Amino acid sequence: MPLDPRLRPGIADRGFVRTTPIQSAVFPLVLDGADVIACAQTGTGKTAAFLLPIMTRLLARTPAGASPAGRPRTHVLVLEPTRELAVQIEDDFQGFAYHTPLSGVAVYGGVGADAQAHALRGGADLVVATPGRLLDHLNSGAADFGALDVLVLDEADRMLDMGFWPDVRRIVSTLPAGRQTLLFSATMSRDVTELATQIMRQPKYVQIGQARGPASTITHLAHVVPRDQKTDWLAGFLRRAEEPALVFVRTKRWADRLGQRLTARGIRCASLHADRTQSQRTAAVEGFRGGRYKVLVATDIAARGLDIYGIGHVINYEVPDTADAYVHRVGRTGRAQAAGTALTLVAPEEMPALRSIEQSIDVRIEQPQASAEDRRSTRSQ
């Protein structure tokens, strides 16, 4: 790829060797300034697909060895549906930009706004933000996007699902009309496409792999477990598992309760959901990433916000409500062509819902026979 030489050390530091298909397809389109709608499964490298060509263009403005001329202005805005994703994208940007003069800032709720406002007024080259907090800064006058060149809508389907599209439209109405707009998504519904084309100019379409299905490197399993035995069965499984596991539940209350029950059974565990403070959420994610916690129990807020290599198991404590929820949850494993396992605990009455998901995503979810060890573990707890 025709990268600015100043990006190469940061890319090497992060262990990147060769492009993924979505990166190879999108990179030249972004460099050419085209609007792009790109759809690819989770874990396929969409972040670098837009960051690296955008950063190459930004660096073209600044000769090697020089600093940006004049008052810094923000040229790139990336919108994300969750705080975790905003932090993650900004971290990726800082890693790639480490040997360059480029600057970036993350803007999201749950923390004080003053430091963010100061950074926005300073004119970071790239701002990555959640819609609600960014609107606050726009209303206060702290954010100025008069020089914006590129808008990125990341995880667009999730932003639509979470009801952020009115906020997105309000933000877009303040941006220069001649900007480049890039939209990235793991799934591409008709609603997302229709809304996207309202704010884009003759976009190019890129789709890698199936639009709805999970990565091919994931093994899908289901175990039939009565509801009142799921916690005991899960605890036994997690004790034997060698790899970190991400456990999904439906409600914030149950995320806390299950986390407490697993901790009481001697399993290093943290919980992640929307009612946690930002510092608690950061501590949970970083503790899981760093190995302090072997298990992270989360609501769907984490399905789009975690990019942690090495998650061996994603476990659905209940059958997800929709096929899309299943795809997004299990996409936290099997990333970057690594193998992973998606395990769903199915009460007998949940079996029709599981079969519906199978048909929707055209994936067979196997039901292995319970081992003698599994049966002994469940009976003894």
For the range 24-35, name all the residues that are crowded, with 16+ Cβ neighbours inside 10 Å and more than 21 Å from Thr100 (Cα to Cα).
Ala25, Val26, Leu29, Ala34, Asp35
Could you check Arg355 against (1) modelled with pLDDT of 85 or more; (2) surrounded by 22 or more Cβ atoms within 10 Å (Cβ to Cβ) and say which number it fails?
(2)
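Checking the structure you have, find out if any residue of the range 59-73 is outside any loop (DSSP other than H, G, I, E, B), of a type in the set (S, T, N, Q) and not assigned by TED's automatic domain parsing to the domain that holds Ala298. Show your work before the answer.
First, the residues of the range 59-73 that are outside any loop (DSSP other than H, G, I, E, B): 59-60.
Then keep just the ones that are of a type in the set (S, T, N, Q); that gives none.
Checked against the condition, which is being outside any loop (DSSP other than H, G, I, E, B), of a type in the set (S, T, N, Q) and not assigned by TED's automatic domain parsing to the domain that holds Ala298, the range 59-73 yields no hits at all.
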Any chance the range 140-157 includes a residue that's farther than 25 Å from Glu194 by Cβ, in the same structural domain as Thr197 (by TED's automatic domain parsing) and in a helix (DSSP H, G or I)?
yes
Within the set of pairs 6 or more residues apart or between chains, which connect a residue that is in the same structural domain as Met55 (by TED's automatic domain parsing) and farther than 12 Å from Gln207 by Cα inside the range 17-28 to a residue that is crowded, with 16+ Cβ neighbours inside 10 Å and of a type in the set (Gly, Ala, Ser) with Cβ atoms less than 6 Å apart?
Thr20/Gly45
If you go through the range 231-247 one residue at a time, do you hit one that is assigned to a helix (DSSP H, G or I), without any contact (Cβ under 8 Å) to a residue 40 or more places away in the chain, farther than 19 Å from Leu85 by Cα and not basic (Lys, Arg)?
yes
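Taking the options Gly310, Gly287, Gly291, name whichever one is within 29 Å of Asp92 (Cβ to Cβ) and in contact (Cβ under 8 Å) with a residue 60 or more places away in the chain.
That would be Gly310, the only listed residue that is within 29 Å of Asp92 (Cβ to Cβ) and in contact (Cβ under 8 Å) with a residue 60 or more places away in the chain.
The values are calculated or read from the model by the stated rules, or taken from the named source; none is laboratory data. Just so it is clear, the model here is predicted, and its values are computed rather than measured. Using ideal geometry, Cβ is built from the backbone for each residue, glycine included, and neighbour counts are taken over all protein chains shown.
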